[in-house]
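A quick write-up on the structure given underneath.
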Amino acid sequence: MIEEGFRPRYKFHYDADADEIKQRIVSKSKENNPDGLIVRNVHGHLVLDIPNESRHFWSPHMDVNLEVEGDSSKTLVRCLIGPSPTVWTLFMFFYGFFGFAAFIGLTLGLSQWTMNKPMWGFWLLPIALIGMGLMYFISYEGKKLSKAEMWQLKNFIDESLGCDCLSLSDQQLKDQNNFVA
């Protein structure tokens, strides 16, 4: 059901203005929304979330940014599916913490080495690398757990706009590359 090649970020041009696209997505959320997805308008872009009763730690959300290109009738739609901001911040904190620990361990170990002291500071390096590897593994597993919900968000946009937006994005990217080449 879920393809391995799923990309959590895609963009495509759509033949409608931004207000009409917003209207279609919002009306779909109110009228024909069996999954109960939550659509919010936040600072000029749409945010789609999994309903609270179905949400878990790894539940993704989707940001839909609409950009009008010049005076054309086409709108550039950018979709980004990712973890909730809380999860993202938590992971960035731990990556920063382990990176800082590696820097401190390297600095301390090199200082101890130049002063011919016991070099226990270098032990922080493998601990930090193991911590970063563990964080990567945890995030990879979390992405696997949220894959069905990622497709749920993607399919909601497809149904709202009446297209296979991921395929449309791929086709427009191929057309653009063929035009440039």
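Among the polar types (S, T, N, Q), free of Cβ contacts under 8 Å to residues at least 40 places away in the same chain and either open to solvent by 60 Å² or more (accessible area, probe 1.4 Å) or not in a strand (DSSP E or B) (or both), is that true of residue 111?
Yes; evaluated as a whole, the condition is true for this residue.
Residues are listed down the side, and each one gets a yes or a no for (1) in a helix (DSSP H, G or I); (2) open to solvent by less than 100 Å² (accessible area, probe 1.4 Å); (3) among the basic types (Lys, Arg):
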{"site": "77", "(1), (2), (3)": "no, yes, no"}
{"site": "86", "(1), (2), (3)": "yes, no, no"}
{"site": "90", "(1), (2), (3)": "yes, yes, no"}
{"site": "126", "(1), (2), (3)": "yes, yes, no"}
{"site": "134", "(1), (2), (3)": "yes, yes, no"}
{"site": "152", "(1), (2), (3)": "yes, yes, no"}
{"site": "178", "(1), (2), (3)": "yes, no, no"}
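Could you give every pair whose Cβ atoms fall below 7 Å, whose first residue belongs to the stretch 23-52 and is more than 16 Å from residue 67 (Cβ to Cβ) and assigned to a helix (DSSP H, G or I), and whose second residue is open to solvent by 80 Å² or more (accessible area, probe 1.4 Å) and not small (Gly, Ala, Ser), counting only separations of at least 6 or pairs across chains?
That search, which allows pairs on different chains as well, returns 28/159.
From the set of residues in the stretch 56-113 that are out of contact with any Leu (no Cβ under 9 Å at 6 or more places or on another chain) and of a type in the set (A, V, I, L, M), which is nearest to residue 45 (Cα to Cα)?
That would be 80.
The values are calculated or read from the model by the stated rules, or taken from the named source; none is laboratory data. These numbers come from a predicted model, not from an experiment. Don't worry about glycine lacking a Cβ; one is built from the backbone with ideal geometry, like all the others, and counts go over all protein chains shown. Protein only, heavy atoms only, side chains kept; ligands, DNA and RNA dropped before computing areas. Shrake-Rupley method; radii C 1.70, N 1.55, O 1.52, S 1.80 Å.
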